[in-house]
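The values are calculated or read from the model by the stated rules, or taken from the named source; none is laboratory data. Only a predicted model underlies this, so the values are computations on that prediction, with no experimental measurement involved. All Cβ positions, even for glycine, are placed from backbone atoms using ideal geometry, and neighbour counts span all protein chains on display.
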């Protein structure tokens with residue numbers, strides 16, 4: 001995401017949810033479970049791009065369904 005020509009490295013919980021494709025509650029759940037690393041700046045929770053990328057790298061691929069199993 002860019003703000004005024006500056007590439008942002010940190011995102012709010014809402015922004016991280018948009019990037020990941022889930023809501024605030026799920027983002028906080030991922031943080032609580034240690035699947036997504038977050039930092040506190042005062043009262044704000046910040047999720048860095050690197051944490052989001054690492055989260056995506058750890059997600060296992062879905063195995064294709066075998067047509068014979070239907």
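Observations, loosely collected:
- Residue selected from the stretch 9-49 under the condition in contact (Cβ under 8 Å) with a residue 40 or more places away in the chain and surrounded by fewer than 16 Cβ atoms within 10 Å (Cβ to Cβ), by the criterion nearest to the chain's Cα centre (by Cα): 49
- Residues that are in contact with a helix residue (DSSP H, G or I) (Cβ under 7 Å, 6 or more places away or on another chain), over 19 Å from residue 58 (Cα atoms) and not in a helix (DSSP H, G or I) within the stretch 24-47 comprise just one, 45.
- The stretch 1-23: number of residues that are in a loop (DSSP other than H, G, I, E, B), under 18 Å from residue 57 (Cα atoms) and modelled with pLDDT of 95 or more: 2
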